[in-house]
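Structure, as structure tokens:
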Amino acid sequence: MSEIAESERVTGSTADGSDTTAGMVLLVDDQPFVGEAVRRLLADQPDIAFHFCVDPRQAVDTANSVRPTVILLDLVMPGVDGLELLQRFRANADTRETPIIVLSTKEDSRVKRDAFATGASDYLIKLPDRVELQARVRYHSNACLNQRRRNEIAAALRASQRSLAERVSELQAALDEIEQLQRAKADFYSMVTHDLRNPAGNVRVATKMLLDGKGGELTPRQTQLVEIAGTAGEKMMRLITDYLDFAKIDGGYLRLDRESVDLYALLRRAAATIEPQVGLKRQHLLLSIPDGVLMADVDASKLEQSLENLLSNATKYTPEEGTITLSIESDDMRSRITVQDTGAGIDPAHQSSLFVKFHRLPGQATRAAGGTGLGLLIAKEIVEGHDGVISVQSTGVAGETTTFIVELPLRMSSLRTN
Ligand code: ADP
């Protein structure tokens, strides 16, 4: 008699109607009556399918195609050593972990020992009692199904870890490339602006020499023309300097070299840099900086530059005789630096777009000042690079105060001494 296949009951349902997990029993035995007997013993188990293989030489191939959750294996079959077949099941990838219950006709401890040593999971005397067979089959079947589920989850986890690692390395490569491009762009800006600075500087020096009479006496018309050239040279220098600064911070490519710095001294230096501009417009520069020292971990030259931008705007957009005030207050956590002027004011409707690249507010005062629209963006990037916040307060009414506020966290190493 050839193989009897009874694998139609692959899934079943419990009394409450819910789906149950399917088990599959593969019996390998050369005696058809054993096959029939076991089939009957399992017949009332709707969630357990049964497959009978009467030819032990085909047992491994059959197992690979029916994927049993339990193998019942006869030990004594003509022409095939049951233990050897057990070994083959264990060497076969698909049945390496499948529970195998050895069926033996005798209760022999030596046979039992050999069976377990070769990889048997259990041992039953045939024909076993219905209750015992069903209980053992169910126990091993569930263990096998649980193991398969764990293997599937582990495989899915490994696959997703692999794909995550691939994504991470792709992302890292893209970031490296972006950083390289940013550097190349910044280097290009730097090179161009440096190259432009020399001729612009020469125009400034040459026009100043002409106006100082170093080239001989000038007619009023010549003086006027040289003054126009001089103003243009000045403006060119300012534009180049702003673009150079911008190049250094564009696209988040801002490198801060922090060191422990006295913030009070830094503010005084920024004020001194702006004094000539203030003097030219006969404006009043008031400083409200406490005596003593306030140490903070900052990039001194960049922070100074951002304050100079705010001070330079304050004087630029404030008429002659106006007042500019630079002050600082601090507690243990943060310092609050303010730059205040009594100039053109900033319409509240435009305040949210102030710190945007190349943004310049409409109005005559702005046009006349002839800036680049980069100063505030540079200041903001530097302040934010220090984990600080920059904001503005203004009613927008000319003559009323306009205040730029820079709030900087003071690091652990900060130290105040009065
Ligand atoms: P700019 O080179 O044009 O000064 P900024 O980025 O420094 O560029 O400033 C952007 C715009 O914000 C300026 O064009 C000006 O309209 C406005 N602004 C900045 N500071 C002040 C200020 N203190 N008072 C009035 N308007 C200001």
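The values are calculated or read from the model by the stated rules, or taken from the named source; none is laboratory data. Since we're looking at a predicted model, the values are computed, not measured. So basically every Cβ, Gly included, is an ideal-geometry build from the backbone, and we count neighbours across all protein chains shown. Please note that ligands, DNA and RNA were not included when accessible areas were found on the heavy atoms of the full protein model with its side chains. Shrake-Rupley method; radii C 1.70, N 1.55, O 1.52, S 1.80 Å.
General observations
- Using alpha-carbon coordinates, inclination of helix 220-249 to the longest axis of the chain, degrees: 20 degrees
- Distance between the range 201-246 and the range 136-200 - C-alpha centres, whole angstrom: 54 Å
- In this structure, the amide hydrogen of MET77, modeled 1.01 Å from its nitrogen in the peptide plane, lies closer than 5 angstrom to those of GLY82, counting only residues at least 5 positions away or on a different chain.
- The chain - accessible surface per residue (Å², probe 1.4 Å): 54 Å²
- Taking amide H as placed 1.01 Å from N in the peptide plane, the amide H of THR323 sits under 5 Å from that of HIS284, THR342, each at least 5 places away or on another chain.
- Relative to the longest principal axis of the Cα atoms of the chain, helix 32-41 runs at roughly 60 degrees.
- Check: the range 256-417 dipole with +1 on Lys, Arg Cβ and -1 on Asp, Glu Cβ, in debye: 460 debye
- Compactness of the chain was expressed as the Cα radius of gyration divided by 2.2 N^0.38 Å, which yields 1.99.
- Among THR241, THR219, THR273: highest mean-square fluctuation, GNM of the chain, C-alpha pairs under 10 Å: THR219
- Per-q log10 I(q)/I(0), the range 301-348, q = 0.25 Å⁻¹ (Debye; single scatterer per alpha-carbon; no solvent): -0.95
- Close amide H contacts of SER335 (hydrogens built in the peptide plane, cut-off under 5 Å, sequence separation of 5 or more or a different chain): LEU408, LEU410.
- Note on the chain: antiparallel DSSP beta bridges, both residues inside, total approximately 60 percent of the bridges counted.
- Taking the protein heavy atoms of the chain in the context of the full set of protein chains, the accessible area attributed to carbon and sulfur is 54 percent at 1.4 Å.
- Cα-Cα separations in the range 57-176 greater than 21 Å, expressed as whole percent: 50 percent
- About its Cα centre, the chain has a charge dipole of approximately 800 debye under the convention of +1 per Lys or Arg Cβ and -1 per Asp or Glu Cβ, with nothing else charged.
- Long pairs among LYS208/LYS380; LYS185/LYS316; LYS235/LYS316; LYS214/LYS316, criterion Cα-Cα beyond 24 Å: LYS208/LYS380; LYS185/LYS316; LYS214/LYS316
- Farthest toward positive dipole pole in the chain [+1 Lys/Arg, -1 Asp/Glu at C-beta], among PRO78, GLY230, ALA120: GLY230
- Most mobile listed residue (ALA43, ALA247, ALA272) in the chain, GNM with C-alpha springs under 10 Å: ALA43
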